[in-house]
1. Quick check on the exposure proxy: order Asp10, Asp3 from fewest to most C-beta atoms within 10 angstrom.
2. Taking the Cα-to-Cβ direction at Val12 and at Leu36 and moving 7 Å from each Cα, how far apart do the two end points lie in nm?
3. Cut-off is 10 Å between beta-carbons; in what order do His19, His4 appear when sorted fewest neighbours first?
Amino acid sequence: MSDHQHGSMDIVVQEKTYHGFLKLGKWTAIITIGILVFLAITST
């Protein structure tokens, strides 16, 4: 079994995925809030 060296793994793909996930979450929240504001303004 080989020795594990902490910090030696290439994590570029994981970082890109994480940042993409954060961007998706941010835009989902913004769009949802926008829809709720629109519905609150236009409801009678």
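Read-outs throughout are calculated quantities, based only on the coordinates presented, and are distinct from any laboratory measurement. If you're wondering where the values come from, they're calculated on a predicted model, not measured in any experiment. Don't worry about glycine lacking a Cβ; one is built from the backbone with ideal geometry, like all the others, and counts go over all protein chains shown.
1. Details: Asp10 7, Asp3 4.
Placing the least packed residue first, the sequence is Asp3, Asp10.
2. The two pseudo-label positions are separated by 3.9 nm.
3. Numbers: His19 10, His4 7.
Starting with the residue having the fewest Cβ neighbours, the order is His4, His19.
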